[in-house]
Amino acid sequence: MSPARQPKPHAIVMIGTAGSGKTTFATQFARTFDAPLVDIEAIASRIDGDLDRASAIGRDMLEHFFRTKQLVVIDGLGATAAERTQLYAMMKKSGYQPFVIWVQTDLLAVKARLMKKYLRIHPRHEADALCDQLITRFRAPRKTEVTAVISGRHTYKSQAHMILRRLSDQLQPEQPATFRRPSPPTLHDVTARHATIKRRGTTTSTAKHRRVS
C-alpha cells in the first residue's frame, strides 16, 4: 500500500471589492497563524500609492515566501481575472495550492466604508470618484474558479471558523486507490437486519419465560 501523498502548502488569496473587509480578515488570519502577509495596499502606501510598482514588489516577496513552503496570505493581487491567472501560475510553479476567499459585502456598506477612509485625505468629489474606481475595478471569479465565500459583515470568529472547516476538508489525506467506501445499506439489508433483531428479541423473551416457569 503506497503512503498518502502530503498535501501541498496553501496560499490564501483574498478577493472582493475594495472596502469589503478582506484586508481586515487577511490581517487577523495571518496574525492568528503567524503567516506572512503580502498586502499590496500597505506596500503602495509606502511608495506614493503606486499600485503597479507595489504589485511587482508583492510578487517578488511571494517568490521568497514560496520557498519556505509555509502558509502565505495574499491581499491585493487578485482583483481581476488576469491578475489571478498570473498568481495561480506562480503558485503552480512553486508547488502551492491556492485557496481563494471571496469576501462579499453589499455595495452601500462598501461605499460608506471607503468614503469614510478617503474623505480624510481628499475633497468629497475626489473621494467619491476614487471609491467608484476602486469598486468597479474588481472582477468576480469565473465559474471555473473555486472560492470560499464569507460575509464582510460577520465577525472574524465566525469567518475563520468557516474557512478553517473548508481548509480541513482539503487537507484530509487521500485514500489509497484500492480503498472503497462501504455502500449505504439497501432496503433489503435494513429489512433483514430488523427481522434478525426481532427474532433475537423473541428468543430472549422465551428463554426468560422458561426460567421463570
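Observations
- Test: residue in the range 55-64 that is within 17 Å of ILE150 (Cα to Cα) and hydroxyl-bearing (Ser, Thr, Tyr): no
- Sole exception among (1) modelled with pLDDT under 95; (2) under 25 Å from GLU41 (Cβ atoms); (3) not in a helix (DSSP H, G or I) for PRO173, by number: (2)
- Residue pairs meeting the criteria (Cβ under 7 Å; at least 6 apart or on separate chains; first modelled with pLDDT under 95, in the range 73-100; second loosely packed, with under 13 Cβ neighbours inside 10 Å): ALA79/ARG137; ALA81/ARG142
- Count of residues meeting criterion [in contact with an Asp or Glu (Cβ under 9 Å, 6 or more places away or on another chain), small (Gly, Ala, Ser) and more than 27 Å from SER168 (Cα to Cα)] in the range 57-115: 1
- Of all residue pairs spaced 6 or more apart or on separate chains, those with beta-carbon atoms under 8 Å, a first member in the range 130-149 that is acidic (Asp, Glu) and a second member that is outside any strand (DSSP E or B) are GLU145/ARG84.
- Residue match in the range 86-98 (condition: in a loop (DSSP other than H, G, I, E, B), farther than 21 Å from HIS10 by Cα and of a type in the set (Gly, Ala, Ser)): no
- Test: SER20 is in a loop (DSSP other than H, G, I, E, B) and either surrounded by 18 or more Cβ atoms within 10 Å (Cβ to Cβ) or of a type in the set (Ser, Thr, Tyr) (or both): yes
- For THR27: the one exception among (1) modelled with pLDDT of 95 or more; (2) among the β-branched types (Val, Ile, Thr); (3) not in a helix (DSSP H, G or I): (3)
- Residue count for the range 32-59 satisfying the condition of being surrounded by 11 or more Cβ atoms within 10 Å (Cβ to Cβ) and part of a helix (DSSP H, G or I): 14.
The values are calculated or read from the model by the stated rules, or taken from the named source; none is laboratory data. Computed from a predicted model, the values in this text were never measured in an experiment. FYI the Cβ positions are ideal-geometry reconstructions off the backbone, even for glycines, and counts take in every protein chain you see.
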